[in-house]
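K.L.:
Just passing along the structure, written as structure tokens.
The values are calculated or read from the model by the stated rules, or taken from the named source; none is laboratory data. Note that the structure is a prediction, hence the values are computed from the model and not measured. Counting neighbours? That spans all protein chains shown, and the Cβs are built from the backbone with ideal geometry, glycine included. Calculation scope for accessible area: heavy atoms of the full protein, side chains included, ligands and nucleic acids excluded. Shrake-Rupley method; radii C 1.70, N 1.55, O 1.52, S 1.80 Å.
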Amino acid sequence: MGKRIEELLGGNAGSVVTVEPDYIVINDGVSHAAVDDISTVADPHKVLVIYDHDVPTGRPEAAAILRKNLRFAEKYGCTYIQAEGTGYQYMLNEIVEPGQIILGGGSHGSIFGAKGALGINVSIPELARAAETGRYSIVVPETVEISLKGNLSEGVSIMDAAFAFIRQAGDVRRKSLEFYCPTLSQHEKEVLCSMAGLSGAYAAFTVEEEGSPVQTIDLGSVVPMVMMPCEKREEQGKAEIRERETLAETKMKAGQIGGYTGGTIEELRKAAALIEGRELARGFRLTVCPATSRDYVQAMEEGILTKFIDFGAQISAAGDHSVSVQGAGVMGPKERLVTTGLYTFAGAMGCEDAEIYSASVETVMKAALTKTM
């Protein structure tokens, strides 16, 4: 069977190809900077402008970005998407089809590989040039095959398995990953592919047939994991990952579940089940951020949001709240937050001296009940 990325790009590893992406994504997170460099748009129907990060906008700086992106979309006739929640998850659910190529300026475009599409994270200048020309040139990367066998133990999540892979992956930077993982659900495959981007990989896919894996991961041996705080955003891919048990006595002040790693309906159901008949730890703050508007409405219809509110949690608007410097859910001086979000750099969630830890819904809810991990 051929390598998925070679099939989509139409070239062998090491060759240079030029493709016409199906979608080019600009949001209010990082990629909005491309708007400043774009002087024309080759195909407005392929450029999606998504408002999904600072929702609702709570800072003048964020409001200026929103206004800039909206004016750009109106000027060139691009599709503008708002009030739909996290862009990656919304696109995966509603827009992206197998075999498509999507360019973005973020970090988790590899999530589309769980649907047989190629998500490429590019630099801001590359994103701007692609919007202007409708083309993107690339050296086809090498493919690395990984097999995930067995089943996760109770209380262990796909986030833990992804962290375990990242910690032992070795040098997979700028390579395409193919995961053979027959026991995982579609949602788990999406989380695995999206988190694989933290390893520095160029892309990630899940495949139906096992090839010649260079690594095999026994899911049954995976234990709860935690990604530690790091100093700078640029260092996020190198943040230390530890077993949760080594942090068992670490006191936490707040928790957040949200995004495609914690805010989907699958994860919200799991979190709600964990609080049945129990109480939020006194003094602990819990924020729940549904991944998309569809997840929000479904959780509301199933009574899940009511359970969270009765538990003592606050509910945020659907969207990507993994980086918030002002507003609901942010941290004060020297506070500690455990979140299902994948950013733990200083200042990601408020004060520069707050400590941010990334972990599964199970770990966040443990902290909500005991104030420890």
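K.L.:
Strictly over 27 Å apart at the Cα level, which of 75/115; 115/149; 175/232; 68/270; 189/238; 149/307 would you flag in this model?
P.N.:
75/115; 68/270; 149/307
K.L.:
Moving on to the next point. In whole percent, what relative contact order does the chain give with Cα contacts below 8 Å and a gap of six or more residues?
P.N.:
Across the chain, relative contact order equals 17 percent.
K.L.:
Separate question: For residue 300 and residue 64, what is the calculated FRET efficiency with R₀ set at 25 Å and r taken between the beta-carbons, to the nearest 0.05? Let's see the in-between values first.
P.N.:
Numbers: r = 32 Å, r/R0 = 1.27.
The value I calculate is 0.20.
K.L.:
Can you give me the Rg/Rh ratio for the range 64-144, using Cα atoms for both radii and the Kirkwood formula for Rh?
P.N.:
The Rg/Rh ratio comes out at 0.98.
K.L.:
Could you give me D for the range 135-253, from Stokes-Einstein at 25 °C and 0.890 mPa s, where the hydrodynamic radius is the Kirkwood radius over C-alpha pairs? Units µm² s⁻¹, please.
P.N.:
For these conditions, the coefficient is 161 µm²/s.
K.L.:
If you don't mind, another one. Between residue 351 and residue 7, take the C-beta separation as r, use R0 = 45 Å, and let me know the FRET efficiency to the nearest 0.05.
P.N.:
Computed FRET efficiency for residue 351 and residue 7: 0.45.
K.L.:
Can you give the translational diffusion coefficient of the chain in µm²/s, computed by Stokes-Einstein from the Kirkwood radius over Cα pairs at 37 °C and 0.692 mPa s?
P.N.:
158
K.L.:
Rounded to the nearest 0.05, what FRET efficiency do residue 309 and residue 243 give with R0 = 30 Å and r taken as the Cβ-Cβ distance? Could you check?
P.N.:
0.35
K.L.:
Could you give the size of the charge dipole of the chain about its Cα centre, using +1 on the Cβ of each K and R and -1 on the Cβ of each D and E, expressed in debye and rounded to the nearest 20?
P.N.:
The dipole magnitude comes to about 780 debye.
K.L.:
Related question: Leaving out ligands, DNA and RNA, what percent of the accessible area of the chain is carbon and sulfur, probe 1.4 Å?
P.N.:
Heavy-atom surface of the chain belonging to carbon and sulfur, 1.4 Å probe: 47 percent.
K.L.:
In addition: What does DSSP give for the range 12-164 in terms of the percent of beta bridges that are antiparallel, rounded to the nearest 5? Please report the intermediate quantities before stating the final value.
P.N.:
Numbers: 4 of 18 bridges.
That works out to approximately 20 percent antiparallel.
K.L.:
How do the peptides 72-79, 256-263 rank, highest first, by the average count of neighbouring beta carbon atoms within 10 Å per residue?
P.N.:
Top of the packing list down: 256-263, 72-79.
K.L.:
Counting C-alpha atoms alone, how compact is the range 225-373: give Rg to one decimal and Dmax as a whole number, in angstrom.
P.N.:
Considering the range 225-373 through its Cα atoms, Rg and Dmax are 14.1, 42 Å.
K.L.:
Convert 37 °C to kelvin, take the viscosity as 0.692 mPa s, use the Kirkwood radius over C-alpha pairs of the range 1-55 as Rh, and evaluate the Stokes-Einstein diffusion coefficient in µm²/s, rounded to a whole number.
P.N.:
Approximately 239 µm²/s, per Stokes-Einstein.
K.L.:
Compute the relative contact order of the range 35-98 as a whole-number percentage, counting only Cα pairs closer than 8 Å that sit 6 or more residues apart in sequence.
P.N.:
Computed over the range 35-98, the figure is 44 percent.
K.L.:
From Cα coordinates alone, what are the radius of gyration and Dmax values for the range 68-199 in angstrom?
P.N.:
Radius of gyration, then largest Cα-Cα span, for the range 68-199: 16.5, 52 Å.
K.L.:
P(r) for the range 295-373, please, calculated from all Cα pair distances in 5 Å bins and given in %.
P.N.:
Final binned percentages: 3, 14, 21, 25, 22, 10, 4, 1.
K.L.:
Two decimals, Cα atoms only, Kirkwood Rh: what is Rg/Rh over the range 24-109?
P.N.:
Result: Rg/Rh = 0.94.
K.L.:
Ok, one more. Among 82, 66, 96, which residue has its Cα positioned farthest towards the positive end of the charge dipole of the range 61-136, with +1 placed on the Cβ of Lys and Arg, -1 on the Cβ of Asp and Glu, and the dipole taken about the Cα centre?
P.N.:
After comparing all options, I get 66.
K.L.:
Going by average Cβ neighbours within 10 Å, how do the peptides 273-286, 167-180 rank, with the highest at the top?
P.N.:
167-180, 273-286
K.L.:
Sort all Cα-Cα distances of the range 141-200 into consecutive 5 angstrom bins from zero, then give the percent of pairs in each bin up to the one containing the longest distance.
P.N.:
4, 18, 33, 27, 12, 5, 1, 0
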